[in-house]
Amino acid sequence: SGSTPAIEARGLAAGYGRVPVLRDINLAVRPGEVVALLGPNGAGKTTLLRTLAGYRRPTSGEVRLFGEPCNRVPVHRRCRQGVSFMGEERHIFPGLTVRQSLRLVRGGPESIELFPALARRSRHRAALLSGGEQQMLALALALARAPRLLLIDELSLGLAPLVRERLLDTVRATADRGVAVLVVEQNARAVLSRADRAYVMRRGEIVDEGTASRWLADLDGLAARYLS
Ligand code: ATP
């Protein structure tokens, strides 16, 4: 597609203090795309998402948000531009009920319709929900803010397969409405069956990329070469 990427990295490097982690990262995610970020533990997926979200400054290279250079744009301004980051720690309000949580966000009460299982828990406090229900709530809250770019780390870590499928279907439907999605998900088959493309990271670099259908046709090869 020829549209301007929602997010783009060019020659991006980042790290922790003097410890370099990311090297020469080049990627782009366009509106309407689900792009999977694959790679073994420690490959740098979380560091990359946090750098794209603005929590870490690049040490070199450039990030562009909706076509504009944004290396120095802080997290809260990226949020206002439509960036939503779902980290491994679930961003929910433990002391509030599901209904109260969603009322904090304009568009929140409607977004519960995405997850009937969550709607049945609307009077329960978030802290008492299952992990899967908490992640549905986190996604419902993120979507209520009508993001243009969704960055998701470990979408379904520790969650039941059925919940994972439900979350991924919602992610796909969100992209189909024009949102750009970059998602880290351990289950390659599950995410690739909803994604358009994937990047594979290893040791801080993107070592391969391709269409989801190409990776799906050779999942064993993908696992053997990169994910073990
Ligand atoms: P995982 O799936 O295990 O979260 P990942 O692909 O997300 O892996 P990162 O968490 O980004 O990888 O870690 C990449 C590298 O950065 C690792 O070598 C890790 O040890 C290092 N690292 C991560 N966080 C820090 C930190 N706060 N300080 C120093 N080094 C860090």
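Structure notes:
- Against the test of being away from the ligand (no atom under 13 Å from the Cβ), at pLDDT below 95, among the small types (G, A, S) and surrounded by fewer than 18 Cβ atoms within 10 Å (Cβ to Cβ), the options G67, G95, G32 yield a single qualifying residue, G95.
- Exactly one residue out of E113, E154, E185, E165 is in contact (Cβ under 8 Å) with a residue 24 or more places away in the chain and more than 16 Å from the ligand (Cβ to nearest atom), and it is E165.
- Residue in segment 189-196 that is in contact with a Leu (Cβ under 7 Å, 6 or more places away or on another chain), at pLDDT 95 or above and of a type in the set (K, R) present: yes
- Within segment 70-92, if we keep just the residues that are in contact with a Pro (Cβ under 7 Å, 6 or more places away or on another chain) and among the small types (G, A, S), the residue that is surrounded by the fewest Cβ atoms within 10 Å (Cβ to Cβ) turns out to be G82.
- Index of the failed condition, G178 passing every other in (1) farther than 20 Å from V98 by Cβ; (2) within 16 Å of the ligand (Cβ to nearest atom): (2)
- Residue that is least open to solvent (accessible area, probe 1.4 Å), among those in segment 98-130 that are over 26 Å from R148 (Cα atoms) and basic (K, R): R121
- Each residue in segment 70-125 was checked for being in a helix (DSSP H, G or I) and polar (S, T, N, Q), and 3 of them qualify.
- Candidates in segment 174-228 are the residues that are among the polar types (S, T, N, Q) and outside any loop (DSSP other than H, G, I, E, B); of these, the one that is least open to solvent (accessible area, probe 1.4 Å) is T174.
- Given (1) closer than 26 Å to G67 by Cα; (2) crowded, with 21+ Cβ neighbours inside 10 Å, index of the condition R145 fails: (2)
- Only listed residue being in a loop (DSSP other than H, G, I, E, B), farther than 21 Å from D196 by Cβ and either modelled with pLDDT of 95 or more or not hydroxyl-bearing (S, T, Y) (or both), chosen from G42, G11: G42
Each row is one residue, and each column tells you yes or no for (1) away from the ligand (no atom under 16 Å from the Cβ); (2) open to solvent by less than 40 Å² (accessible area, probe 1.4 Å); (3) not in a strand (DSSP E or B); (4) not acidic (D, E).
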{"residue": "L27", "(1), (2), (3), (4)": "no, yes, no, yes"}
{"residue": "A36", "(1), (2), (3), (4)": "no, yes, no, yes"}
{"residue": "T47", "(1), (2), (3), (4)": "no, yes, yes, yes"}
{"residue": "L52", "(1), (2), (3), (4)": "no, yes, yes, yes"}
{"residue": "R57", "(1), (2), (3), (4)": "no, no, yes, yes"}
{"residue": "E62", "(1), (2), (3), (4)": "yes, no, no, no"}
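- Scanning segment 17-35 for residues that are on the phi < 0 side of the Ramachandran plot and without any contact (Cβ under 8 Å) to a residue 40 or more places away in the chain yields R18, V19, A28.
The values are calculated or read from the model by the stated rules, or taken from the named source; none is laboratory data. These numbers were taken from a predicted model, which means no experiment stands behind them. With ideal geometry, Cβ positions are generated from the backbone for all residues, glycine too; neighbour counts draw on all protein chains shown. Protein only, heavy atoms only, side chains kept; ligands, DNA and RNA dropped before computing areas. Shrake-Rupley method; radii C 1.70, N 1.55, O 1.52, S 1.80 Å.
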